[in-house]
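Visitor: Okay, here's the structure, questions in a sec.
The values are calculated or read from the model by the stated rules, or taken from the named source; none is laboratory data. Remember, predicted model here, so these are calculated numbers, not experimental data. Cβ placement follows ideal geometry from the backbone for every residue including glycine, while neighbour counts extend to all protein chains displayed. We work out accessible area using only protein heavy atoms, side chains counted, and drop any ligands, DNA or RNA first. Shrake-Rupley method; radii C 1.70, N 1.55, O 1.52, S 1.80 Å.
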Amino acid sequence: MAGSERRGAGPAARRAPAWEVSESEPESEPEPRGPAAAAGSPPAAGPAVRPRRRRNPGEAAARRQERELEKRRRREAAAAWRLLRPERCLRLMEVCADPGLLKDPGSDAWVEVLSSLDCKYSFEPQAIPCSVTWRRNTPSTLSTPDGPVVKTEEEKEVLVLVEPEDFLKRLFSLTQSFVNAPSASQPDLNQVLPLAGLEGSSSKTYSLAVVGLDAYRRCQREQGRQQAKQSPSSQPGPELALTQEEILEALVVLQLWGNIDVLFLDTWQEFGQHVSALTKAIAKRPYRRQLESQELPFCAAGAWASGVRVEKDGTGLRQVWKRQIQQFNRVSPATAAAIAEAYPSPSLLLQAYEECSTEDEKLLLLSDIPVKSDVSGKDRRVGPDLSRRIYLFMVSPDPDLVLDLSA
């Protein structure tokens, strides 16, 4: 019986021990596994997914419209800038001349010069007889259904042609007003250029042109001598008695009080050339204003601006040194190249000055450097004057020192 009892106890001893549950720990249920667990358990926590924002069709269309407007503004600004270029701005100008300028037999010469310009010109009555004005016809860069709109703008310059006889009479009347008027009073410039009844005359810039004044005065003097021989009682007009000093004094008064320039010309050809030069200058004015409005317009890059590019390895420094020497008065490129060849840098030139024992030796250090001239083919030297100027420039601490005594 005992043996049977031992055999029955074997399986019971091999049974896995049961886990003991502490009273302090709650008994947890086992986690479900398998398909049932996947179906019934909540999803595991992961990174939060941002919900996609639905785009508003109206906002997208507004952004596209804004981009199109910005591109359009840029295209219009570029087109307006192209119109201001020097090679195209002259085509926008129109020279308006008074028909009275065609009465003189020599007026064909200046009309021929005017017709050679790449701009329009017309003859129509002006507010001041025998005057020339300018208009700028600028097409609008904005696209319109009816085509480009042309904007016409009156320029402020007015050129008035005055006959020599009439000019002398007006100057004589002006000089007489100096004598009769108090010293502190303003002269009456209407005697020279009547502008009292003109509308908008204060915003204009007037200039006078006199063709053949010297020839007229010589001719009148000769006629006066002949008349004096034939009839001693005959006297020339008082305007012919004006001296050169009185004429210059009257011109200064016109310039200071009325900002009126007077140009004396000998021929109608010169008058046409003056009108041509004025037309080109007026045409380029908006372009120059645009350049001046930019930041540092004088620091333009490129060889056309006389600039020298210096690389990181020092290439170009010698060319800069040569350009600096060439900035002195009366220094040719050949002379500057010869000095830069002898002393390739300012520091080497300063070392050479320090090695000189006397002041005269320093002043004449560069005077014997030979300069090769491509024009005459003869060799010459830098000379003592330029040598002295460069030495004073390099060593003098005085910023107000005058280097060029002959200037």
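Visitor: Calculate one ³J(HN,Hα) per residue across segment 167-177 by plugging θ = phi - 60° into the Karplus curve 6.51 cos²θ - 1.76 cosθ + 1.60, and present them in order as whole Hz with x for glycine and proline.
Guide: The phi angles translate into 5, 5, 5, 5, 5, 5, 5, 5, 5, 5, 5 Hz.
Visitor: May I pose another question? Along the Cα-to-C-beta direction of Val150, a point sits 7 Å from the Cα; which residues of segment 93-128 have their amide N less than 15 Å from that point?
Guide: Counting only backbone N, you get 93-96, 119-123.
Visitor: Now for a separate question. Summing Lys, Arg as +1 and Asp, Glu as -1, what charge do residues with Cβ under 10 Å from the Cβ of Arg135 carry, Arg135 excluded? Don't jump to the answer; show the numbers that get you there.
Guide: Details: positive: Lys120, Arg136; negative: Glu94, Glu153, Glu154, Glu155.
Taking every Cβ under 10 Å from that of Arg135, the sum is -2.
Visitor: What list of ³J(HN,Hα) couplings, whole Hz, do you get for segment 187-195 from phi and the Karplus terms 6.51, -1.76, 1.60, once you set θ to phi - 60° and write x for glycine and proline?
Guide: Taking θ as phi minus 60°, the curve returns x, 8, 7, 5, 5, 9, 9, x, 10 Hz for segment 187-195.
Visitor: So how much accessible area does Leu189 have, in Å² to the nearest 10, using a 1.4 Å probe?
Guide: Solvent-accessible area, nearest 10 Å²: 30 Å².
Visitor: Leaving out ligands, DNA and RNA but keeping every protein chain, what accessible area does Phe172 have, in Å² rounded to the nearest 10, with a 1.4 Å probe?
Guide: 60
Visitor: Can you work out the FRET efficiency for the pair Ala77 and Glu355, with r the C-beta to C-beta distance and R0 = 45 Å, to the nearest 0.05?
Guide: It comes out at approximately 0.15.
Visitor: Just by accessible area at a 1.4 angstrom probe, what is the order of Met394, Met93 from largest to smallest? Let's see the in-between values first.
Guide: Numbers: Met394 45, Met93 0 Å².
Correct descending sequence by accessible area is Met394, Met93.
Visitor: Asp360: accessible area at probe 1.4 Å, nearest 10 Å²?
Guide: 110
Visitor: Between the alpha-carbon centers of segment 95-123 and segment 230-282, tell me the distance in whole angstrom.
Guide: Computed from Cα coordinates, the inter-centre distance equals 21 Å.
Visitor: From the Cα gyration tensor of segment 314-395, with a ≥ b ≥ c the square roots of its eigenvalues, which class applies: rounded if a/c is under 1.5, or else prolate if a/b is larger than b/c, or else oblate?
Guide: It comes out oblate by the Cα gyration axes.
Visitor: May I pose another question? Please report the net charge: other residues with Cβ closer than 15 Å to the Cβ of Gln326, K and R +1, D and E -1.
Guide: Once all neighbours under 15 Å are counted, the net charge is +3.
Visitor: Another question, then. List, in order, the whole-Hz ³J(HN,Hα) value for each residue of segment 341-355 obtained from phi through the Karplus relation with A = 6.51, B = -1.76, C = 1.60 and θ = phi - 60°; use x for Gly and Pro.
Guide: 6, 6, 10, x, 8, x, 5, 5, 5, 5, 4, 5, 5, 5, 7
Visitor: Next question, about the same structure. Can you tell me the Rg and Dmax of segment 202-287, counting just the alpha carbons, in angstroms?
Guide: Over segment 202-287's Cα set, Rg and Dmax evaluate to 17.8, 62 Å.
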